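Quick notes on the structure that follows.
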Amino acid sequence: MIGAIDQSCRQVTVVGAGASGLFAAYYLDRAGYEVTLIEEHQRVGGLISTVATPFGLIEGAANSMIATPQLRELAEAIGARLLPLNEGSRSKYIYRDGRLRKFPLSFIELIKLLYHIVIKKPVSQPKDMEAWATTYLGQAGFDYLIDPMVTGIYGTAASNLSVSAAFPRLQVEPGKRGLSLFGGKKSNGSNARGTIVSVDGGLDVFFQRLGMHLEKRLGERFKLNTKFTHNDLSRDSNLVLCVPAHAAAKLMVDQEPSLSDALKRVEYTPMISVGVFASKQQLNTVPNGLGVLIPSKAGLETLGVLFSSSSFEGKTYSSEQVLLTVLIGGSRNPKLIEQSDRVIADIVLKDLERFFGLSGEPLHIEISRWPKAIPVYSSQLEEVWQLAGSSWCAKPGQVLFGNYTGQVSLRGMLNLASSIAE
Ligand SMILES: Cc1cc2nc3c(=O)[nH]c(=O)nc-3n(C[C@H](O)[C@H](O)[C@H](O)COP(=O)(O)OP(=O)(O)OC[C@H]3O[C@@H](n4cnc5c(N)ncnc54)[C@H](O)[C@@H]3O)c2cc1C
């Protein structure tokens, strides 16, 4: 979040009813502000989408959230039921040498990794996540731990991510060893612990209920189908813009042309999420656990597979069927999003055959394309934060908030929103 609320003014206009806007509006209303929420579409939720199919529910974008105390409290307030992970479904895998492994490093690689963390003193401070990982964990630590983890979160290569923007808690002070990270410090408020949860009926239910709660609270100040434009930017109330960077750029075009230019250039990684229903008989191995991440080294297009029906109850209507959610595209193949459904499905099915021995046509495939899925947390994005902080957002009551302003996850954004009124 960039900027702060002007507490001397009790009116707030929140623009955009995606996750960030709904969270911000909820906490501002709770703190006694007179909130107006403006969303250009007929529905709230933005990127969040749950698709109902004849075989079960598929999450088109976000699949799960972290059940922090804030999330549990909010779920209770809006009457949404959080679904815990199924018993015995916590295992996470990395794909290496044709197998799914819980720990992907060899004994020698583990020794080298410990050497890098405990003994080696780096000569220079790495700026991007690839350099960070090779410096503090060694090559195998990068290839089989950091690269798949980073791609699983951001969909982009580790070399595109600035350590200070994407993982500020991993910054090591100059001259210190990687071991110093275990000193237990640095909290940016985003690390509240919690377990992974889904929502009964899908994540969209959570955000629709939050929308209904706000509609009841705000009455006529809850405005769907209303596009906020650059002409609306000058107004007397607090303004919290919870729209993507490219949309914020359009709003700033007259008032803050240089910030508008910078926001326009914020890069987003395209992602494709493919839900695949199959019968258990079609698989050699029925996956059990949370999912598998695929390192770039494997040379495959799939970034990761979530074992959706293994993780949460009710994802398939029949216990004889499985739902796998495949994430593909990202910076590994940014052009894939332009390909036909058949081309994308063929790549996904080939990889599922490789991982689980899937044979034959699956029962159902649902493809969700996100051309601007996840912002790239690069050093260029940090420059945008600085520019925003010293220009438009320097004035109290003018706030930019969304998945490009510091926290990409729903957990991170909820955490920040919970203190927006303070
Ligand atoms: C494939 C995928 C998987 C993901 N998985 C996870 C996950 O498992 N867990 C997790 O925590 N996160 C996940 N995320 C990230 C998370 O879903 C997003 O970061 C989050 O939903 C983005 O919310 P937002 O409010 O920033 O933006 P958006 O959802 O884009 O909302 C912006 C809203 O602003 C509105 N708007 C834009 N311009 C205007 C205007 N001029 N006037 C009025 N309204 C306007 C839009 O219509 C939209 O509703 C995933 C994302 C993707 C794409």
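The values are calculated or read from the model by the stated rules, or taken from the named source; none is laboratory data. On a predicted model such as this, the values are computed, not experimentally measured, just so you know. Every residue, glycine as well, gets a Cβ built from its backbone with ideal geometry; the counts of neighbours run over all protein chains shown.
Structure above, values below:
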| quantity | calculated |
| --- | --- |
| Index of the failed condition, Ile66 passing every other in (1) of a type in the set (A, V, I, L, M); (2) closer than 30 Å to Glu313 by Cβ; (3) within 11 Å of the ligand (Cβ to nearest atom); (4) outside any strand (DSSP E or B) | (4) |
| Residue match in the stretch 396-414 (condition: assigned to a loop (DSSP other than H, G, I, E, B), more than 13 Å from the ligand (Cβ to nearest atom) and not assigned by TED's automatic domain parsing to the domain that holds Pro295) | yes |
| Ile328 being surrounded by 14 or more Cβ atoms within 10 Å (Cβ to Cβ), touching an Asp or Glu at 6+ places or on another chain (Cβ under 8 Å), at pLDDT 95 or above and over 30 Å from Gly406 (Cα atoms) | no |
| Qualifying positions in the stretch 24-63 - hydroxyl-bearing (Ser, Thr, Tyr) and surrounded by fewer than 23 Cβ atoms within 10 Å (Cβ to Cβ) | Tyr27, Tyr33, Thr36, Ser49, Thr50, Thr53 |
| Residue that is surrounded by the most Cβ atoms within 10 Å (Cβ to Cβ), among those in the stretch 205-234 that are part of a loop (DSSP other than H, G, I, E, B), within 14 Å of the ligand (Cβ to nearest atom) and not hydrophobic (A, V, I, L, M, F, W, C) | Thr226 |
| Single residue of Lys335, Lys372 found to be out of contact with any His (no Cβ under 6 Å at 6 or more places or on another chain), of a type in the set (Lys, Arg) and within 16 Å of the ligand (Cβ to nearest atom) | Lys372 |
| Residue match in the stretch 299-307 (condition: more than 18 Å from the chain's Cα centre (by Cα) and outside any loop (DSSP other than H, G, I, E, B)) | no |
| Ser418 surrounded by fewer than 23 Cβ atoms within 10 Å (Cβ to Cβ), over 18 Å from Ala245 (Cα atoms), polar (S, T, N, Q) and more than 12 Å from the ligand (Cβ to nearest atom) | yes |
| Checklist (1) outside the structural domain of Thr226 (by TED's automatic domain parsing); (2) not in a loop (DSSP other than H, G, I, E, B) applied to Asn86, failing item | (2) |
| Some residue of the stretch 92-105 being within 16 Å of the ligand (Cβ to nearest atom), touching a Gly at 6+ places or on another chain (Cβ under 8 Å) and either within 30 Å of Pro371 (Cα to Cα) or assigned by TED's automatic domain parsing to the domain that holds Phe167 (or both) | yes |
| Candidate set from the stretch 146-162 (those that are in contact (Cβ under 8 Å) with a residue 24 or more places away in the chain, among the hydrophobic types (A, V, I, L, M, F, W, C) and part of a helix (DSSP H, G or I)); member that is farthest from Lys92 (Cα to Cα) | Ala158 |
